[in-house]
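The values are calculated or read from the model by the stated rules, or taken from the named source; none is laboratory data. Keep in mind that this is a model prediction, so the values were computed, not measured. Every residue, glycine as well, gets a Cβ built from its backbone with ideal geometry; the counts of neighbours run over all protein chains shown.
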Amino acid sequence: KNEVEQSPQNLTAQEGEFITINCSYSVGISALHWLQQHPGGGIVSLFMLSSGKKKHGRLIATINIQEKHSSLHITASHPRDSAVYICAVRWGYGGSQGNLIFGKGTKLSVKP
Amino acid sequence: EAQVTQNPRYLITVTGKKLTVTCSQNMNHEYMSWYRQDPGLGLRQIYYSMNVEVTDKGDVPEGYKVSRKEKRNFPLILESPSPNQTSLYFCASSSGQGRVGTEAFFGQGTRLTVV
């Protein structure tokens, strides 16, 4: 069974700091997702990666398939980035593509 | 606008009273799933569906039923709710397009309390 580990569990940063959240998984995957969950509860997909690196605004996501590791970086953090960030892996192909396995999330708090 | 719509957003019910949480997506996605989120446990899959009339159990299916009669809808049924089913529920959909599929779209969540 694929295990998904995130670190850190909790992170407090000052506004403007560079933030890194890590995700490791135990078996081969077809894709990795980074999700954001705001205090209101809704979940938004930030990135889906199967290799390399993606950038969207101040957010950067990278994945190293050989090391089974992904990182989410936030540059110039802002209080509105405060949320829970969740890593999820899709480890099936074909018929099981719809399955996601989730990490427990990283709670980020950015102080002004 | 591409979206997954869940209803209701909030529900308080009594033990044993059957209820249905609806989920609908407008993106013609093949894959739909139900998850529950509990403190300290994260998101766990209840059931998923790969297409119309094709469903399978996830990690925590006990006490739940689903059906997929139409591609856009994937209701979650609790035949006899119990207090341990008090949780935050999410429906999600994605496409199987290509080798790795597409990003997942989540509904707004349904906060269920069973008393």
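Restricting the search to the range A:48-63, which residues are away from every other protein chain (no Cβ under 14 Å) and either exposed (fewer than 15 other Cβ atoms within 10 Å of the Cβ) or not in a strand (DSSP E or B) (or both)?
A:K53, A:K55, A:G57, A:R58, listed by residue number.
Can you work out which of the residues in the range A:90-112 that are at pLDDT 90 or above and within 12 Å of chain B (Cβ to nearest Cβ) is surrounded by the most Cβ atoms within 10 Å (Cβ to Cβ)?
Taking the candidates together, the pick is A:G103.
Part of a loop (DSSP other than H, G, I, E, B), at the interface with chain A (Cβ under 9 Å from one of its Cβ atoms) and under 14 Å from the mean Cα position of the chain (by Cα) - does that describe any residue in the range B:67-76?
Scanning the range B:67-76 turns up no residue that is part of a loop (DSSP other than H, G, I, E, B), at the interface with chain A (Cβ under 9 Å from one of its Cβ atoms) and under 14 Å from the mean Cα position of the chain (by Cα).
So in the range B:47-58, with the set limited to residues that are among the hydrophobic types (A, V, I, L, M, F, W, C) and assigned to a strand (DSSP E or B), which one is nearest to B:L88 (Cα to Cα)?
Ranking the qualifying residues of the range B:47-58, first place goes to B:M50.
Could you check the range B:2-46 for strands (runs of 3 or more DSSP E) lying wholly inside it with 2 or more residues that are polar (S, T, N, Q) and away from chain A (no Cβ under 14 Å)?
B:19-25
Count, please, the residues in the range A:15-44 that happen to be in a strand (DSSP E or B) and either within 21 Å of A:V110 (Cβ to Cβ) or β-branched (V, I, T) (or both).
11
Might you check whether a residue that is on the phi > 0 side of the Ramachandran plot and surrounded by 22 or more Cβ atoms within 10 Å (Cβ to Cβ) occurs anywhere in the range B:77-88?
no
Can you pull out every residue in the range A:12-35 that is closer than 24 Å to A:H78 by Cβ and surrounded by fewer than 19 Cβ atoms within 10 Å (Cβ to Cβ)?
Of everything in the range A:12-35, those that are closer than 24 Å to A:H78 by Cβ and surrounded by fewer than 19 Cβ atoms within 10 Å (Cβ to Cβ) turn out to be A:T12, A:A13, A:Q14, A:E15, A:G16, A:E17, A:F18, A:T20, A:N22.
Just checking, does the range A:64-77 include any residue being assigned to a strand (DSSP E or B), more than 10 Å from every other protein chain (Cβ to nearest Cβ), of a type outside the set (A, V, I, L, M, F, W, C) and free of Cβ contacts under 8 Å to residues at least 12 places away in the same chain?
Within the range A:64-77, one or more residues are assigned to a strand (DSSP E or B), more than 10 Å from every other protein chain (Cβ to nearest Cβ), of a type outside the set (A, V, I, L, M, F, W, C) and free of Cβ contacts under 8 Å to residues at least 12 places away in the same chain.
Quick check: anything in the range B:91-104 more than 9 Å from chain A (Cβ to nearest Cβ), assigned to a strand (DSSP E or B) and touching a residue at least 12 places away in the same chain (Cβ under 8 Å)?
yes
Quick one: B:E62 ticks every box in (1) under 17 Å from B:S95 (Cβ atoms); (2) in a loop (DSSP other than H, G, I, E, B); (3) not β-branched (V, I, T) except a single one, so which number is it?
Condition not satisfied by B:E62: (1).
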